[in-house]
Amino acid sequence: MDYYTLGNTGLKVSRLALGTMTFGDDWGWGADEASARQLFDTYLAAGGNFFDTADLYTNGNSERMLGQFVRETKSRDRVVLATKFSYSAEPGNPNAGGNGRKNILRAVEGSLQRLGTDYIDLYLLHTWDQVTPAAEVMHTLDTLVRSGKVRYVGLSDVPAWYAAQAQTLAQERHLEPISTLQLEYSLAERSIEFEYTALAKHLGTSIMVWSPLASGLLSGKYKPSQNGGAGSGRLSTVADSGNPAFDKFTEKNWAVVAELEQVAQALGRSMAQVAVNWVVNRPGVAAVLVGATKLHQLEDNLGALEFEIPPELQQRLDRVSRPAIHFPYTFFEPGLQGMITGGATVGDKPASYHSQVRVEGEGAGVE
Ligand SMILES: NC(=O)c1ccc[n+]([C@@H]2O[C@H](COP(=O)([O-])OP(=O)(O)OC[C@H]3O[C@@H](n4cnc5c(N)ncnc54)[C@H](OP(=O)(O)O)[C@@H]3O)[C@@H](O)[C@H]2O)c1
């Protein structure tokens, strides 16, 4: 297992993290406790150290199981535990959810208790609530780091402008910065490339990918049908949920699945391995959250770093999955940029340039 540092921090995390949204069958598509324990043990034995959960998942059972497994294996010092707040814990009470200070301070106590630990390694805002100022979130998270209840902080599922504002505030006010942005990214969902990849690079943070298989679609087990798609698994179970994250049966995605199947065959690898390999090697990505309900799925996914996708096969995957480009990004394509440079080529600086001339502390950043 390879380790990367998470953003601009000293925290070392495995490039493949284990998502535990499937720990518990409370939502109708997860794994029972015995199967979840097998997934936990297998991942740990493979050298993995990075676990992701949320207070929302399986009504708190994901956090409870994860905490129990960590205690039973006496692995608290070895593992990096990430959890999240934002979703409501009490119907009708607007302050028992969202990202205001009152809810964050309530939610953290619940997560610590369910995880059975006195600190969380990475505490993430789960989803933008559209009302709480970024300064309130960052000051509250900073307080938690200073209190010792949290080690590092991050944001998930927020607009790029909000993440940029939060990170800039943190830097200017010497608050704990955002070490990672947890975002959906896969061959079936590449929207984050327009803003977040550059954001991670320029604002000193990283990307932690969720749903690298588009909830299982990219494993190849679903086929197009008259109802959109057919196959057994999460996407069939939740077809009518109305959750946009599960809306994967589109013409574009079927084309991606067909090309991925051919590329995987050419490589002699499973489609899931190729899909995870593709996303784990994208710019700005520090870690990819693999999810599974069955042991053979996790074993398959853990082999995703063992090979390289050669450039010609990589290009086929890039081409078929390329997202449609909208304004203002149309203006950043080579044609219009040529009108700015007068046709001269202005390429990226070579890696050696960055490593040799970067001068710390003189305000002379060269990136
Ligand atoms: N921040 C957020 O908003 C957010 C949102 C979603 C997820 N997450 C995090 O990201 C983690 C991963 O997300 P995800 O579960 O959606 O990831 P995913 O990799 O897109 O989907 C995982 C599902 O795909 C199927 N699968 C996995 N490996 C397979 C294989 N090798 N062959 C065939 N099928 C396979 C299984 O579903 P079946 O049971 O159907 O077989 C598995 O539960 C979650 O556990 C959670 O920690 C975060």
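Where a number appears in this text, it was derived from the coordinates with a stated rule and is not lab data. Quick caveat, the model's predicted, so the values are computed rather than measured. So basically every Cβ, Gly included, is an ideal-geometry build from the backbone, and we count neighbours across all protein chains shown.
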- Long-range HN-HN contacts of V153 with modeled amide H, under 5 Å: Y123, S179
- Item | Distance histogram in 5 Å bins (all Cα pairs of the stretch 1-155, percent per bin) | 2, 10, 19, 22, 20, 15, 8, 4, 1
- Please build a GNM for the chain, connecting alpha carbons under 10 Å apart, and tell me which residue among T205, T345, T127 fluctuates the most. T345
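Taking the Cβ of each residue in H202, H296, H139 as the centre, tally the other Cβ atoms inside 10 Å and list the residues starting with the fewest. Mind showing how you got there, number by number?
Numbers: H202 12, H296 8, H139 16.
If I rank by nearby Cβ atoms, fewest first, I get H296, H202, H139.
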- Message: At q = 0.07, 0.10 Å⁻¹, what log₁₀ I(q)/I(0) does the chain have when each alpha carbon counts as one equal point scatterer in the Debye sum?
- Response: -0.32, -0.66
- Give the total of Lys-Lys pairs in the stretch 3-324 with Cα-Cα distances below 29 Å; include a pair only if its members are 8 or more places apart or on different chains. 25
- Cβ-Cβ cut-off under 10 Å around D118, Lys and Arg +1, Asp and Glu -1: the net charge is +2
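Once the other residues with Cβ under 10 Å from the Cβ of L305 are scored (Lys, Arg +1; Asp, Glu -1), what is the net sum?
Details: positive: R15; negative: D2, E306, E308.
Surrounding charge for L305 is -2.
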- In whole Å, how far is the Cα centre of the stretch 106-128 from that of the stretch 48-101? 6
- Task: Find the centroid of the Cα atoms in the stretch 290-352 and in the stretch 163-215, then give the distance between the two in whole Å.
- Result: 16
- Item | Highest-MSF residue in the chain out of A255, A36, A214 [GNM, Cα springs under 10 Å] | A255
- Task: Please order F23, F307, F85 by the number of other Cβ within 10 Å, starting at the fewest.
- Result: F307, F85, F23
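Restricting to the chain, compute how many DSSP beta bridges are antiparallel as a %, nearest 5. All intermediate terms of the calculation are to be shown ahead of the outcome.
On the way: 6 of 35 bridges.
Of those bridges, close to 15 percent are antiparallel.
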- Note on the structure: Once the dipole of the chain is set up from charges on Cβ (+1 Lys and Arg, -1 Asp and Glu), the residue from the list L218, V80, P350 lying farthest towards its positive end is V80
- Among residues other than S211 whose Cβ falls under 13 Å from its Cβ, what is the net charge (Lys/Arg +1, Asp/Glu -1)? -2
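Neighbouring Cβ atoms within 10 Å as the yardstick, rank I178, I340, I104 fewest first.
On the way: I178 30, I340 11, I104 21.
Listed from fewest to most nearby Cβ atoms, that is I340, I104, I178.
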